[in-house]
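What follows is a set of notes on a single structure, which appears directly below.
The values are calculated or read from the model by the stated rules, or taken from the named source; none is laboratory data. The shown structure was predicted, so the numbers you read here are calculated from the model rather than taken from an experiment. Cβ: placed from backbone, ideal geometry, glycine included. Neighbour counts: every protein chain shown. Each accessible area value is taken on the protein alone, full model and side chains, heavy atoms only, with ligands, DNA and RNA left out. Shrake-Rupley method; radii C 1.70, N 1.55, O 1.52, S 1.80 Å.
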Amino acid sequence: MSSTGLEHLAQTAYEAHRSAHPEPLPPWEETSEPEQQAWKAAVSAVAGKTGVTLTDAGPVPVQSLQLQAGDQSRVFHADFTAGRQGTLTVSDEYASNQHARFQIAHGQWYVKDLGSTNGTWLNGRRIHAAQRLKKGDKIKIGHTVVTVVSA
């Protein structure tokens, strides 16, 4: 098993665990070296017991999310928040500081409102639970419309 492939599988396994975990967990890049080594050991043990090799499994793509807001485009590879104080900064007086959360789960991107005052809207409808995103979707945060370029 190559170290690059092992690292990728460990990161993928960790991100799947993170997306299913009820409490917020840091992204892979912010975990400690011992924790990353533990995930690599676990993935290596599972692959060894099942007889599956990295060659058999093939590459596991990391799904990115590309968003367009006005003339600005951003690409994300991990969960993030949008709002006046979010990772995706929305300079809009009608947006809350932490307005919406974008998260990846099982290879799909979702958006959910974080209890904002004016709500988060997907394709003209106010959302009350996490909603899956697809190319072309329009998310309204305050008065700002963000378009999904790719998901």
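Observations, loosely collected:
- Of residues in the stretch 1-55 being among the charged types (D, E, K, R) and either within 17 Å of the chain's Cα centre (by Cα) or at pLDDT below 80 (or both), the one least open to solvent (accessible area, probe 1.4 Å): R18
- Failed item, numbered, when R126 is tested on (1) open to solvent by 10 Å² or more (accessible area, probe 1.4 Å); (2) in contact with a Leu (Cβ under 7 Å, 6 or more places away or on another chain); (3) not small (G, A, S): (2)
- Condition check for V146: open to solvent by less than 60 Å² (accessible area, probe 1.4 Å), of a type in the set (V, I, T) and modelled with pLDDT of 90 or more: yes
- Some residue of the stretch 91-105 being free of Cβ contacts under 8 Å to residues at least 60 places away in the same chain, out of contact with any Leu (no Cβ under 7 Å at 6 or more places or on another chain) and part of a strand (DSSP E or B): no
- Residue match in the stretch 122-140 (condition: more than 20 Å from A16 (Cβ to Cβ) and in contact (Cβ under 8 Å) with a residue 24 or more places away in the chain): yes
- Apart from one condition, A78 fits all of (1) in contact with a Lys or Arg (Cβ under 8 Å, 6 or more places away or on another chain); (2) assigned to a loop (DSSP other than H, G, I, E, B); the exception is (1).
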